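Below is one structure, written out as structure tokens; the observations come after it.
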Amino acid sequence: MSQLGDLHARMTEITRRLKSEGPGKTTQVIQNALAAAGLTSAGQPKAPHNFVADVLARFGVGSATSTSAPQADTPDTGPGRGKFVAGSHTNAAGSRRYKVYIPSGYDGQAVPLVVMLHGCTQDPDDFARGTQMNALAEEQGFLVVYPAQESSANSSKCWNWFKAMDQQRGQGEPSLIAGITNDVIDQYGLDRKQVFVAGLSAGGAMAIIMGSTYPDLYQAVGVHSGLPYASASDLTSALSAMRGASSSPSRRSGASAQLEAIPVIVFHGDRDATVSPSNGTGLIDDFVARFEQTATSGAKISTVVEEGKTATGHRYSRTSLHVDGRPVLAEHWLIHGAGHAWAGGSASGSYTDANGPDASREMLRFFSTQSANSETLPG
């Protein structure tokens, strides 16, 4: 039996022990199973992501172990700076809190909005510090909203991207995130043709879910170290997907059928031990498959590959997808030597790699080239 297959075989034992013995006596069983599958070494995670906490979270027990940087006042607020204000949204699926960054130069203009979805164990303040998106909002004049996952929904504060009900328009977490997005647009009078969503890891997986299920709301998606739409439907398939077992478009063809090819920019480290880099390739494969399946104009995708190196050290391969001379519709940045962390991020936040490239700035550059999907994608 393969290592991953052995892990799946142990899930029945894990479930039984959780019910009969509780999480305390079950943790070692999970650690042993993950070690056998190569997910951990000497009982420790290869990446900062806490796999044991995530497995326990799936069953609604346990508590997260955070590697977040020490909490401090958000550096983007203060005299002469913008405001970082809290809000909440409630609908039939529940409630979620959020924080909105309002740049100091904002005075009611119809400016763009960027929705930022944090990764596991993170929160809006941590994610804002790490990505430095608030500083860019201050510089470029747009608003940022950070929905917050509740520990009551997932004890590791992961967005539940692997649950079937949380992959559908009008249901679960997508309905809550879309509701937050609409609330902020309406409250501040923002430009509905310039609304974008981005995320890291579980947040990246949820970002592509949002773009896939609400293409009328979001004009482009940024995915960092995430997974393609409908990569999993439960815990077992989620573990497989994170290992790269669902990287083939054919495994997701049913879920992706007739979905719009929303513009996407993807970042992934080629040494990511938490989410296989093959998932980044899968995101681009899905874009191409959707485009070819829905385009009616006979337009063809052309690909340009650029090799580069950041001033701070990381080499990267950047693949750009063009159609008929229009703006780039998709980009894939494979960062050589990078792990599971936001590229170009600040050490004041968790899961960041200061060695670049600057994912936040590059995502904004990509977003700025996109308008409403009907104007961008030939069909």
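The values are calculated or read from the model by the stated rules, or taken from the named source; none is laboratory data. Not measured: the values here are computed from a predicted model. No Cβ is skipped: glycine too gets one built from the backbone with ideal geometry, and neighbour counts run over all protein chains shown. Accessible surface is based on the protein model in full, side chains and every heavy atom, while ligands, DNA and RNA are left aside. Shrake-Rupley method; radii C 1.70, N 1.55, O 1.52, S 1.80 Å.
For the listed peptides 268-278, 195-205, 100-110, a ranking on the average number of other beta carbons within 10 Å per residue, highest first, reads 195-205, 268-278, 100-110. In this view, the solvent-accessible surface of Glu173, computed with a 1.4 Å probe and all protein chains in place, comes to about 10 Å².
Using per-residue counts of other Cβ atoms within 10 Å, averaged over each peptide, order 135-141, 91-97 from highest down.
Peptide ranking by packing, descending: 135-141, 91-97.
Remark: the Thr303-Val328 segment gains 8.0 nm on full extension, using 0.36 nm per residue and subtracting the alpha carbon distance.
Neighbours of Pro174 by Cβ distance under 11 Å: Lys/Arg scored +1, Asp/Glu scored -1, total 0. Go through Lys83/Lys309; Lys83/Lys157; Lys157/Lys193; Lys193/Lys309 and tell me which ones have a Cα-Cα distance over 27 Å in this structure. Among Lys83/Lys309; Lys83/Lys157; Lys157/Lys193; Lys193/Lys309, the Cα-Cα distance tops 27 Å for Lys83/Lys309; Lys157/Lys193; Lys193/Lys309.
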